[in-house]
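Structure first, then comments.
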Amino acid sequence: MTPAIRVRGLRRTFGSVVAVDNVDLDVIDGEFLTLLGPSGSGKTTVLRMIAGFERPDAGTIELAGVNVTNAPPYARDVNTVFQDYALFPHMTVLENIEYGLRVKKVPKAERRARALEALEGVRLTDLGDRAPSQLSGGQRQRVALARALVNRPKVLLLDEPLGALDLKLREQMQVELKAIQRDVGITFVFVTHDQDEALTMSDRIAVFNEGRIVQLGTPAEIYEFPASEFVAGFVGTSNLLRDETALAVLGSAGTWSIRPEKIRIAAAGTAGEAGERAVAGTVREVIYVGMSTRMVIDLAPGGTLVAVEQNSGRHADQRLAMRGENVTLLWNTEHEYSVN
Amino acid sequence: MTLSRGTKMLLGIFAIIAGAFVYVPLGIILINSFSTNKSLTWPPTGYTTEWWSKAVDNEGVRSALLTSVVVALCATAIALVLGLLISLAIARYRFFGRESISLLIVLPIALPGIVTGIALNNVFTSYLGGLTFLTLVVAHATFCMVVVYNNVLARLRRMGGSVEEASSDLGAGGWTTFRLVTFPLMKSAILAGGILAFGLSFDEIIVTTFTAGPGITTLPIWIYQNLFRPNQAPIVNVVAAALVLVSIIPIYVAQKFGSDDERAGGVI
């Protein structure tokens, strides 16, 4: 099947800075794909080139099999939700939503009906006559979403749309966005630097670093099997054992990642079960984070690992008292993952 | 910030002195225009509206006023078109020499009027066949353009590019985007720039003396020519007083639109 978006050899420089370097990407029709990476990693530039706001120096972009590399934004069947929403301040909410239909010469009655429907879809039915300046951040966000979706684009591009919202609203919008995407069945390409957001919402994640895609996969693949030290560190807690330390602890050199929640903390001297590795260590730091407790443990053979335990059993105070205690760390050897 | 009582009082006194320095002489002109005293001296000796009716009937004043208005309108029209186009180019496109052009546009307002006047006078008389009404308009447009440019550029910078990108993203071509988004959002800045440009042209005297064709008398020139004729002094005074009153209107309008800008300019 023809992918919704096919990107080949995409490259973009700003002066001497290579923002996007030889990116290949296929976005499957109907999927929720997240471009995840630190700021300056090129993810937003890729999105802007797909939208048509930036021209690539090299490479091609196809939308549903049609080459649009040099087409202007208004000739592409994609719509964008901007980071700052970019609502038109001199128009009402309803006029904002109607805008795309208006410039495409959709008859007035039809566009009004579709705009109202879109407004209802984002649960703002009564706010159509307001000015954008009279809305809260979360409401503006929904108007921006409705303004894009009302055009029924093949692909919706979202540039860090939740970045300006507070945590509660953010989590609520994550769930809502995902539900909307399932309902309308439109391909979503979502840019974020927030790993939690990427893991919760996406069908697939493309991890960006220094202008390149360093890993592409499902959230579980990215998290459980990071392809490189960078991915292991950027997605989830960096829990790495390197070189001599790795040799001493695991018996083989190189760089290894063990996710914190895979590690079990037991009394000193506990023997591991079949397939488990047991390593002695001393608790250096205990950090209480509500639902769970993070422990930083210095291993006896060298190196440091972070372990996370749910606060379901032992009382939090008992945990906090474990600082300085000798313990044994246990984990299944299949969770030792090489990131060379 | 909290200020101590003493500081507040001191600042208040300074503010009153500074304000008085500007507005008391203007007030005196206004009051003197109704005085029976023929020389512009204080205190007024009696009340009369004779000078006002004489000024209204004065042929010289009328034609000078008309000339000034026409010149200012023409210069403002040129300034609006050029200032708007240049500010769009500078704000929305990257091209070679962008920074230098920006500087060159603003420079005329900083140059001493007498230098601009002499320079333009030289070019007009030596190469372009002498001074006319048109040379005066063009000369005025050179500095009127600057205020339009500055106003519109500031608005475009504050607006940012993302609303235009959003418009384009939603299917609007360049012209539609300008018509439905860019222009409505900078309308008030254009109007404010235009009013300032009109005001600048209307009261300009130095460049005018060097670039106006023979027989063309603008209102400031008329005032200057008649200031030292004893008989005309009261009428000059009336014209000055009228100008003070008339100037209040554009400033009021410009300020009103300035405050609307807070809403229109901030991009949501």
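Coordinate-derived values only; no laboratory data. Only a predicted model underlies this, so the values are computations on that prediction, with no experimental measurement involved. Ideal geometry is used to build each Cβ from the backbone, glycine not excepted, and the neighbour counts take in all protein chains shown.
Top mean-square fluctuation among B:189, B:172, B:233, Gaussian network model of chain B, C-alpha springs under 10 Å? Its mean-square fluctuation being the largest, the pick is B:172.
Express as a percent, rounded to the nearest 5, the fraction of DSSP beta bridges in the protein assembly as shown (both residues included) that run antiparallel. That works out to approximately 75 percent antiparallel.
Other residues with beta-carbon under 13 Å from the beta-carbon of residue A:308 carry, at +1 per Lys or Arg and -1 per Asp or Glu, a net charge of +2.
Taking every C-alpha pair closer than 8 Å and separated by at least 6 residues, the mean separation divided by the residue count of the stretch A:240-338 gives a relative contact order of 36 percent.
Fully extending the segment from residue A:184 to residue A:29 would add 54.6 nm, taking 0.36 nm per residue of separation and subtracting the current Cα-Cα distance.
Computed from the C-beta positions of residue B:7 and residue B:42 and an R0 of 41 Å, the FRET efficiency is 0.75 to the nearest 0.05. For the residues of B:184-193, the average number of beta carbons from a partner chain within 10 Å of their own beta carbon is 1. Among A:214, A:283, A:150, the largest mean-square fluctuation in a Gaussian network model of chain A, built with springs joining Cα atoms closer than 10 Å, belongs to A:283.
Helical runs (DSSP H, four residues minimum) scored at -39500 (n - 2.57) apiece and divided by the length of the protein assembly as shown put the mean residue ellipticity at 222 nm at -16000 deg cm²/dmol. Projecting label points 7 angstrom from Cα along Cα→Cβ for residue B:92 and residue A:311 puts them 5.5 nm apart. The ranking of A:129, A:159, A:203 from fewest to most other beta carbons within 10 Å of each one's beta carbon is A:129, A:203, A:159.
For the pair residue A:271 and residue A:2, label points projected 7 Å from Cα toward Cβ lie 6.5 nm apart. FRET efficiency for the pair residue A:152 and residue B:128, taken as 1/(1 + (r/R0)^6) with r the Cβ-Cβ distance and R0 = 41 Å, rounds to 0.10.
To the nearest 10 degrees, how steeply does helix A:167-184 sit against the main Cα axis of chain A, on a 0 to 90 scale? Orientation of helix A:167-184: about 60 degrees from the principal axis. Measuring r between the beta carbons of residue A:252 and residue A:322 and using R0 = 30 Å, the FRET efficiency lands at 0.50. Relative protection proxy for B:206-212, B:246-252, A:22-28, from highest mean packing down: B:206-212, A:22-28, B:246-252 (other beta-carbon atoms within 10 angstrom).
The mean number of Cβ atoms from other chains found within 10 Å of a Cβ in peptide B:157-166 is 5, as a whole number.
Annotation note: GluC sites (Glu not before Pro) in the stretch A:253-340 located in DSSP loop regions with a Cβ neighbour count of at most 10 within 10 Å are A:273. Each of B:223, A:258, B:118 has some number of other Cβ atoms within 10 Å of its Cβ, and from fewest to most they run B:118, B:223, A:258.
The slack in the chain from residue A:304 to residue A:13, taken as 0.36 nm per residue of separation less the alpha-carbon distance, amounts to 100.8 nm. Taken as entire DSSP H runs, the helices of chain B that both span 20 Å or more between Cα atoms along their own long axis and average -1.0 or more on the Kyte-Doolittle scale are B:5-32, B:59-92, B:113-127, B:133-159, B:183-202, B:233-265.
Per-residue mean of foreign Cβ neighbours for A:79-87 is 5 (Cβ atoms of other chains, 10 Å radius). Residues A:110, A:117, A:229 in ascending order of nearby Cβ atoms (within 10 Å, fewest first): A:110, A:117, A:229.
Rounded, prolate or oblate: which fits the protein assembly as shown when a ≥ b ≥ c are the square roots of the eigenvalues of the alpha-carbon gyration tensor, with rounded for a/c under 1.5 and prolate only if a/b beats b/c? Verdict is prolate for the protein assembly as shown.
The relative contact order of the stretch B:23-112, computed from alpha carbon pairs under 8 Å that lie at least 6 residues apart in sequence, is 13 percent.
In the stretch A:152-251, the inverse of the mean reciprocal separation of distinct Cα atoms equals 15.3 Å; this is its Kirkwood hydrodynamic radius.
Our note on the geometry: Cα centres of the stretch B:58-126 and the stretch A:221-261, 67 Å apart.
Taking amide H as placed 1.01 Å from N in the peptide plane, residue A:311 has its amide H under 5 Å from the amide H of A:292, A:293, each at least 5 places away in sequence or on another chain. With both labels modelled 7 Å from their Cα along Cα-to-Cβ, the residue B:17 to residue A:175 distance reads 6.7 nm. Dimensions of the stretch B:59-265 from C-alpha coordinates, computed as largest minus smallest value along each principal axis and given longest first, are 67, 40, 24 Å.
For the stretch A:240-338, the orientation-averaged shadow of the C-alpha convex hull comes to 5.8 nm² (one quarter of the hull surface). Charge tally around residue B:231: other residues with Cβ under 14 Å, Lys/Arg +1 each, Asp/Glu -1 each, net +2.
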